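Q: Below: one structure in C-alpha cells.
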Amino acid sequence: MCIDRVVMAFAGIVILSGLALSHWFGPYWLLLAAFVGLNLLQAAFTGFCPLAIILKRLGFKPGCAFE
C-alpha cells in the first residue's frame, strides 16, 4: 500500500472517530475532525504531511501526492 492511501485511510478513520466521539461524549471532539480536515486541505496545497514523512521513514512506497 502506498503512502497516499495510508494517509487517506488514517484521516478517514480519525474523522469518523471524532464524529462518533462527539456524538457520545461531547461536541468538542468535532475539533479533532476539523483539525484533520484542515491538515488534509493544507497538505493538498503545500505537499507537507507529517504522517507521510513518518510513513516514508518506515519504508512505505511513495505515491504521486507525497514524494
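Where a number appears in this text, it was derived from the coordinates with a stated rule and is not lab data. These numbers come from a predicted model, not from an experiment. Note that each Cβ is placed from the backbone with ideal geometry, even for glycine, and that neighbours are counted across all protein chains shown.
Q: Which pairs turn up if I take residues in segment 48-59 that are more than 10 Å from V7 (Cβ to Cβ) and look for partners that are part of a loop (DSSP other than H, G, I, E, B) with beta carbon separation below 8 Å, at least 6 apart in sequence or on another chain?
A: Note: pairs meeting the criteria are K56/P62; K56/F66.
Q: Here's a follow-up. Within segment 1-59, which residues are surrounded by fewer than 11 Cβ atoms within 10 Å (Cβ to Cβ), of a type outside the set (A, V, I, L, M, F, W, C) and not in a helix (DSSP H, G or I)?
A: G26, G59
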